[in-house]
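Heads up: the structure comes next, in structure tokens.
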Amino acid sequence: MSIPAPLTADWLKTEEYRELNFARRDLVINPAKACQPLGALVCALGFDGCLPFIHGSQGCAAYFRNSLSRHYREPISAVSDSMTEDAAVFGGQNNLIEGLRNAHTLYKPKMMAIFTTCMAEVIGDDIKAYLENARKQNALPEDFPVALAHTPSFKGSHITGYDNMLKGFLETLAEPRRHSTHLRLYVVPGFDPYPANLREYKRLLNYLGVTYTLMPDYSDVVDAPNTGEFKMFPGGTPFSALREALNASGYLFLQTYSTQASLKFVKNVQKIPTEAVPIPLGIRNTDRFLTTVADMTGRRIPAEITAERGRALDAATDAHPYLHGKRFALFGDPDILLGLTSFLLEMGGVPVHILSSNGSQAFAKEMEDLLHASPYGREGKVYVGKDLWHLRSLLLSEPVDMLLGDSHGKYAARDAGIPLVRVGFPVTDRVNVHRYPIVGYAGVINLISLIANTFLEDKDRNADEAHFELLR
Ligand code: SF4
């Protein structure tokens, strides 16, 4: 059917088009996810002195570094062995060996993390054997620490890559578990695009007086102080802590969908006492995080944290009228969506469309259970494996008041005439978003303020003279 051009834009807003759009099978338009190696790179940045080494093409490496630099507005140190056509035919061993030799000589890292891109995975490169050959050819000292991960981009997403890399670190570089373990809790944040969140975890854990290691911790790497001097390796979880990682007294995972393989490895294979909680977004999830830490370590929640909780509740009460009953659409990674939805429900917000390009059926079920447990969640529908063009149809055919998600959502939000509050990864069109925590009680205040003030800003901007009020 041919449709006259001026009417096409209107037709794209119809139920009829939405149905056709959702029947689409062989085409993906703007999925809200990145590929596995990007997540592996983020994980590798979280270890002190670790140089991420991309076994694959330079274009992929440029994409990862570029995406991360745009989000964090920091230089992102990583190397690639620049596989090209000859490596695609004959295998990438020569590239890997030469690349390791150069990277080790030039940048003098304390360790490296090798992970793969599509090309290396399609031809089936055996990076473990290549690494052994590299050592035999003296490209690296025999005892130089190198973690390995296969991160095929045609499976999973950046959260899978983060997980595979973390498991690779544990499998390759941690010493075997001894019987006498030390009393140290290992806390795994999961794929978290906010360095401020990692700092918030450390602040709360310090208040609790817990002996812990946050792993991986890239807060100082992607948010380094400007001292006028470039440091290639400005911080991260120390190698000594990684080496002792399997002698932890326990593990606490603060996300579940971005840590599945690592969690299984420490819990089921290594038999280390392990707990997993939802990302501490909102009052309820933060309570759960803190009480789990307290239960695992025998520590008490101090009065300072209880006071913070009270202040967050006060902020929630003050902002409640501006969020209650508002309809929201959300998109992003599964863990952050679960946290955001829980937070919105606490505030009486109504999540209507929840879309995750990299969400699984298990995620959809967990989200539906969360929605059904609240009177405000009854309208919510979950869409997994869908993209931002699907989201556009949803916003245009079934309107909401606000969209929550990363910067890629701005086009659909503009077309729908609603504000976008930027949450998640990547945020490339606003500054310093990653410097404000959205987890913990401090995060509750930040999120509430961001959302409520965006509504109020809109109200002022659109008010006529008679309704342009000083009080809101
Ligand atoms: S999807 Fe494959 S080709 Fe594209 S950037 Fe990722 S690894 Fe490279």
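One residue stands out in the stretch 6-62 among those that are β-branched (Val, Ile, Thr) and closer than 29 Å to Phe154 by Cβ: the one that is farthest from the ligand (Cβ to nearest atom), namely Ile29. Under the condition of being more than 16 Å from the ligand (Cβ to nearest atom), touching a Leu at 6+ places or on another chain (Cβ under 8 Å) and not charged (D, E, K, R), the residues counted in the stretch 151-179 number 7. Ile97 fulfils the conditions (1) touching a residue at least 40 places away in the same chain (Cβ under 8 Å); (2) within 17 Å of the chain's Cα centre (by Cα) except for a single criterion, (2). State all residues of the stretch 175-196 that are more than 19 Å from the chain's Cα centre (by Cα) and surrounded by 21 or more Cβ atoms within 10 Å (Cβ to Cβ); if no residue qualifies, say none. Across the stretch 175-196, the qualifying residue is only Leu185. Scanning the stretch 121-150 for residues that are assigned to a helix (DSSP H, G or I), away from the ligand (no atom under 16 Å from the Cβ) and of a type in the set (A, V, I, L, M, F, W, C) yields Ala129, Leu131, Ala134. Considering each residue of the stretch 199-206 in turn, none proves to be under 25 Å from the mean Cα position of the chain (by Cα), farther than 18 Å from Leu41 by Cβ and assigned to a strand (DSSP E or B). Cβ-Cβ contacts under 6 Å between residues 6 or more apart (or on different chains), taken from a first residue in the stretch 415-427 that is in contact (Cβ under 8 Å) with a residue 12 or more places away in the chain to a second residue that is part of a loop (DSSP other than H, G, I, E, B) and surrounded by fewer than 21 Cβ atoms within 10 Å (Cβ to Cβ), are listed as Arg422/Arg430. When Cys118 is tested against (1) in contact (Cβ under 8 Å) with a residue 60 or more places away in the chain; (2) of a type outside the set (Asp, Glu); (3) more than 14 Å from the ligand (Cβ to nearest atom), only condition (3) is not met.
Show me the helices (runs of 4 or more DSSP H) found entirely inside the stretch 216-304 where at least 1 residues are surrounded by 21 or more Cβ atoms within 10 Å (Cβ to Cβ) and not aliphatic (A, V, I, L, M). Before you say what the answer is, go through the steps one by one.
Numbers: elements: 219-222, 239-243, 260-264, 283-297.
Passing ranges, in order: 219-222, 260-264, 283-297.
Within the stretch 52-66, residues that are part of a helix (DSSP H, G or I) sit with their Cβ atoms under 6 Å from residues that are within 8 Å of the ligand (Cβ to nearest atom), at 6+ positions apart or across chains, in these pairs: Cys60/Thr117; Phe64/Leu38.
Only the coordinates and a few stated rules stand behind these numbers; no lab work does. The model shown is predicted, which means the values in this text are computed figures rather than measured ones. When we count neighbours, we look across all protein chains shown, and the Cβ atoms used for this are built from the backbone with ideal geometry, even at glycine.
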